[in-house]
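For reference, the structure discussed in these notes is given below.
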Amino acid sequence: MKFYFAPLEGVTGFTYRNVFADLFGGVDKYYAPFISPCVNDKLKGKEIRDILPENNSGKVNLVPQILTNRADYFIKATKQIMDMGYTKEININIGCPSGTVVAKNKGSGFLRDTDAMGRFFEEIFNWRDSDESGLDISVKTRIGVNDAEEFSEIMEVYNQYPISELTIHPRTRKQMYRDTPDMNAFDYAFKVSRNPLCYNGDIRTVVDYENFAKKYNVEAVMIGRGLIANPQLVNEIKGQEKLTKEMLKQYHDRLYRDFEKIMKADKHLLFKMKEFWNYVSWNFEDENKCAKLVRKCQNLYKYNLAVEEIFGTMELK
Ligand SMILES: Cc1cc2nc3c(=O)[nH]c(=O)nc-3n(C[C@H](O)[C@H](O)[C@H](O)COP(=O)(O)O)c2cc1C
């Protein structure tokens, strides 16, 4: 089984990835949060900065991701990204549920027009084949916009193209992150997919992983929130020691230090670290108390006291 780090826009940027890879690793590929090309000839500075090879440690095997429903934008952006050295694989985001993205028929919004999806894939695979670059084009998808019933038509489109790997997060756009992943939909994909599959969604513990792996023989699993919360999760799955408070503290302190170097204002650092605790608090026996202690902090001084209290007095599950 291969293990991939899911992209989380605003969370798993290059600073985060470098710290993770340095301290924990064990992950075969890291998918970068999406780049959204537009009418401009060049991609935006912030998006490029995240994938610049000099910003990504050699330990990070990075796959850039593009969010678009236009073949011409995809091709233009891909050429620029390939010029930066990413010539192995580009991932397409057909899963993002955010309102502004979906309103433009991008991300999971693209799923409502399977004819347009077909035209898009036709054009990009024709370009890829004529370019002879051997670039792998992979896709990360949800199972529909409003209803899982939509999924069979969507799979029909994917099955017509040589997608190098199809990562499925089995929720509809409407579900956002609610409910549990729809394993009936994943079952269906497992039966009919002509392309290699990667599963993504709600793997938070070794048991979650084992229950999945017992049932499905897929190429890979992609983990996001579970791995941010427990950075040792993939190593645990591979039989290494369980996450300890010391590991978690080291992870926290390194992220704090590295973000501090690049954040212009204290409030940005505070926001960033609070976001980190949204996930990391899951590890603690009293996760609600842990989350609350951090959430109420108004400044870095109070934040540091709260973190000291958490690591000094609270136990992991
Ligand atoms: C804050 C946030 C940002 C995300 N950004 C992206 C993104 O840029 N590209 C993408 O394909 N998925 C994105 N996702 C979805 C995750 O990659 C993943 O599919 C989702 O969290 C489910 O997997 P998990 O349960 O292992 O976290 C994002 C999710 C969250 C919560």
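The values are calculated or read from the model by the stated rules, or taken from the named source; none is laboratory data. Since the structure is predicted, the reported quantities are computational estimates derived from the model, not experimental observations. Backbone-built Cβ (ideal geometry, glycine too); neighbour counts: all protein chains shown. To get the accessible areas, we keep the full protein, side chains included, count just its heavy atoms, and leave off ligands, DNA and RNA. Shrake-Rupley method; radii C 1.70, N 1.55, O 1.52, S 1.80 Å.
In the stretch 176-200, the residues that are open to solvent by 60 Å² or more (accessible area, probe 1.4 Å) reach residues that are in a helix (DSSP H, G or I) with C-beta atoms within less than 6 angstrom, at least six apart or across chains, in these pairs: ARG194/ASN159.
Apart from one condition, VAL294 fits all of (1) within 18 Å of MET247 (Cα to Cα); (2) surrounded by 12 or more Cβ atoms within 10 Å (Cβ to Cβ); the exception is (1). Just one of the listed residues (ASP22, ASP41) is away from the ligand (no atom under 13 Å from the Cβ) and over 17 Å from LEU248 (Cα atoms), namely ASP41. Report yes if some residue within the stretch 67-88 is in the same structural domain as GLY144 (by TED's automatic domain parsing), closer than 21 Å to TYR251 by Cα and either under 15 Å from the mean Cα position of the chain (by Cα) or open to solvent by less than 30 Å² (accessible area, probe 1.4 Å) (or both); otherwise report no. Within the stretch 67-88 (the criterion being in the same structural domain as GLY144 (by TED's automatic domain parsing), closer than 21 Å to TYR251 by Cα and either under 15 Å from the mean Cα position of the chain (by Cα) or open to solvent by less than 30 Å² (accessible area, probe 1.4 Å) (or both)), the answer is no, since none of the residues qualifies.
Return the only residue of GLY109, GLY134 being open to solvent by 10 Å² or more (accessible area, probe 1.4 Å) and of a type outside the set (A, V, I, L, M).
None of the others qualify; the one that does is GLY134.
Of the residues GLU47, GLU9, the single one that is within 12 Å of the ligand (Cβ to nearest atom), open to solvent by 20 Å² or more (accessible area, probe 1.4 Å), out of contact with any helix residue (DSSP H, G or I) (no Cβ under 8 Å at 6 or more places or on another chain) and not in a helix (DSSP H, G or I) is GLU9. Of the residues contained in the stretch 141-155, one or more are found to be farther than 19 Å from ILE75 by Cβ, free of Cβ contacts under 8 Å to residues at least 12 places away in the same chain, open to solvent by 10 Å² or more (accessible area, probe 1.4 Å) and in the same structural domain as VAL221 (by TED's automatic domain parsing).
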